[in-house]
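The values are calculated or read from the model by the stated rules, or taken from the named source; none is laboratory data. Here the structure is a predicted model, which is why all the values come from computation and not from measurement. Note that each Cβ is placed from the backbone with ideal geometry, even for glycine, and that neighbours are counted across all protein chains shown.
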Amino acid sequence: MKQQWWKEAVAYEIYPRSFMDSNGDGIGDLAGILSKLDYLKELGVSLLWICPIFPSPNDDNGYDISDYQGIQPEFGTMDEFDALLAAVHARGMRLMLDLVLNHTSDEHPWFIDSRSSRTSAKRDWYIWRDGRNGGPPNNWESIFKGPAWEFDEVTGQYYLHIFSRKQPDLNWTNPAVTEAFSHIIRWWLDKGVDGFRLDAVSHMKKDPLFADARRLKGAPPPFSMKKYMNVPGILDIVDRLFQRSFNLYADAVTVGEANGVKAARALEWVGEEQRRMSMLFSFEHLDLWEDEAGTRLDVPALKKALFSWQKALNGKGWNALFIENHDIARVVSSWGDDTRYRAESATTLATLYFLLQGTPFIYQGQELGMTNFPFRSIDEFNDIRDRNTFLHHIQQGMSPAAALKTVARVARDNSRTPMQWDASKNAGFTSGTPWLKVNPNHTTINVDEESRDPKSVLNYYKQLIALRKRFPTLVYGATTPVLPDHPRLVAYTRHDAKSRILVLCNASNRPSRYHNPETPLLLHDALLLANRPVPRHATLTGVILQPWEARVYRLK
Ligand code: NOJ
Ligand code: CA
């Protein structure tokens, strides 16, 4: 397997609005991030991904960009960005930005021009169509609910927006769009940025016929996304862009957010021979639970999803490993047990994904075991998706209380509450009023407290990161699933010519026996990491793992 800096890195995702506020306006900013670089360095992460920091009307908190070469004033200035980049590099870390390719803001000058007349030079940069029978051109629905088309009075046509109506989709069949983005990408890479996370890349191509989507049985969602997700030909669009931008920079890292791409097609996207993206954020392991019904974690299904990607890419491509980000609820609350076993489940979930083959990503606060927010009213939601989903349920006849409960379980705002730095008012995030409420549990779950507690989730993450650094086997070694059908254990080995390491995780609230004739002897001396005290005696008959217990052994 080819060695590359980003394969050896541990990445950390920063949601800038919620990370650290330096000037008391209640909104996190670049100077705030700068002030916390030493914290990140000490944690051991080496690659930072900052969600969009470009000028934006904030309809979708920065994912609606109105200028790709500027800095959102509430986050700071370009000089502050340059200082941040230099400070990251001075610490031997790298920085990745977030590039939204599928759509811009409706306030981007390109779209303002495009909507101004049917003959505008930018008309064809976006997707305009005539209506059908007095309604939208087809039945496509927005991922944020409601029709994916918006009628525009000025020119009497509809434009496509598969996210909010303030996020018009770009027309990637237009070479001028490719050209414009190639320029933007090169400009940032020339500035010294180390790479990009590529937002919503699997949506860049639409069905050329704009045919109606198939209705699905049941809800949500009651429609298929097939007409605007992973449409055949999508990779030609990617290639045209990459040939003019990323492929000219051998060292740049790219991580595509690829909803709908399955393990079977993974190589096409990230196979080293294909020279496309470095890694993908796959959704296969999230789709299993991203429903509002509150389905419990199905361990064999999770293993199937994770291991299928391990197998598909071993020796040929590279995985991005993650269990949290700014678009999903906190993992300790959804998959784990945030009441009885908060620290244990946070650390077990950490162990089970982090030591797979790939580059692990940590989402801010995940390293503390931050939990979901106790939402009591829809007014506490800021996110457009969460609010639209709430209204959608009300329109479908759900009671406000039931709708609140349903949305709260999967709300994106769960993971967007301010980072918990200490036990003080507003968790040390701001001296002003935070833009989104701080989780009341910051009095006990916070960086300050956890730094001082050797048994904290934070200190466990530090050990996990250090362990991965110590054993190249945990970076480049192959993965072999162990007891793949076990209903509660997630177990696997990582191995190469030098060592063999066993990862054992009990992802449940019940004690579970591990017994495997192939690895009978688990010597205490060979224990590399554990999230609970482990009895000293070796065993030939297998071990009982306590609820949410995780252990890592070096095997003979
Ligand atoms: C994925 C981003 O992660 C999410 O936050 C955003 O709402 C959509 N793409 C649209 O850009
Ligand atoms: Ca601020």
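Here are the numbers for the structure shown:
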{"quantity": "Unique match (being within 28 Å of Phe144 (Cα to Cα), out of contact with any Asp or Glu (no Cβ under 6 Å at 6 or more places or on another chain), assigned by TED's automatic domain parsing to the domain that holds Asn426 and surrounded by 22 or more Cβ atoms within 10 Å (Cβ to Cβ)) among Ser18, Ser114, Ser56", "calculated": "Ser18"}
{"quantity": "Strands (runs of 3 or more DSSP E) completely within region 155-264 that count 3 or more residues being over 28 Å from Lys304 (Cβ atoms)", "calculated": "157-160"}
{"quantity": "Pairs where the first residue, in region 86-109, is within 26 Å of Tyr39 (Cβ to Cβ) and the second is assigned to a loop (DSSP other than H, G, I, E, B) and of a type in the set (S, T, N, Q), C-beta under 6 Å, 6+ apart", "calculated": "Met93/Ser46"}
{"quantity": "Among residues of region 464-518, those that are of a type in the set (Gly, Ala, Ser), within 21 Å of Leu313 (Cα to Cα) and part of a loop (DSSP other than H, G, I, E, B), counted", "calculated": "3"}
{"quantity": "Residue count, region 80-125 (criterion: among the hydroxyl-bearing types (Ser, Thr, Tyr), outside any helix (DSSP H, G or I) and within 24 Å of Asp64 (Cβ to Cβ))", "calculated": "4"}
{"quantity": "Hits in region 243-258 (condition: without any contact (Cβ under 8 Å) to a residue 60 or more places away in the chain and either of a type in the set (D, E, K, R) or surrounded by 20 or more Cβ atoms within 10 Å (Cβ to Cβ) (or both))", "calculated": "Thr254, Gly256, Ala258"}
{"quantity": "Residue in region 32-51 that is within 16 Å of ligand 1 (Cβ to nearest atom), outside any strand (DSSP E or B) and more than 21 Å from Trp188 (Cβ to Cβ) present", "calculated": "no"}
{"quantity": "Residue check for Ser202: in contact (Cβ under 8 Å) with a residue 12 or more places away in the chain, touching a helix residue (DSSP H, G or I) at 6+ places or on another chain (Cβ under 8 Å), closer than 28 Å to Arg385 by Cα and hydroxyl-bearing (Ser, Thr, Tyr)", "calculated": "yes"}
{"quantity": "Selection from region 62-71 of residues that are surrounded by fewer than 23 Cβ atoms within 10 Å (Cβ to Cβ) and away from ligand 2 (no atom under 14 Å from the Cβ)", "calculated": "Ser66, Asp67, Tyr68, Gln69, Gly70"}
{"quantity": "Positions within region 348-389 being part of a helix (DSSP H, G or I) and within 16 Å of ligand 1 (Cβ to nearest atom), in sequence order", "calculated": "Gln366, Ile384, Arg385, Asp386, Arg387, Asn388, Thr389"}
{"quantity": "Selection from region 24-38 of residues that are within 8 Å of ligand 2 (Cβ to nearest atom) and touching a residue at least 40 places away in the same chain (Cβ under 8 Å)", "calculated": "Gly24, Asp25, Gly26, Ile27, Gly28, Asp29, Ala31"}
{"quantity": "Search result, residues across region 52-103 that are hydroxyl-bearing (Ser, Thr, Tyr) and within 16 Å of ligand 1 (Cβ to nearest atom)", "calculated": "Ser56, Tyr63, Ser66, Tyr68"}
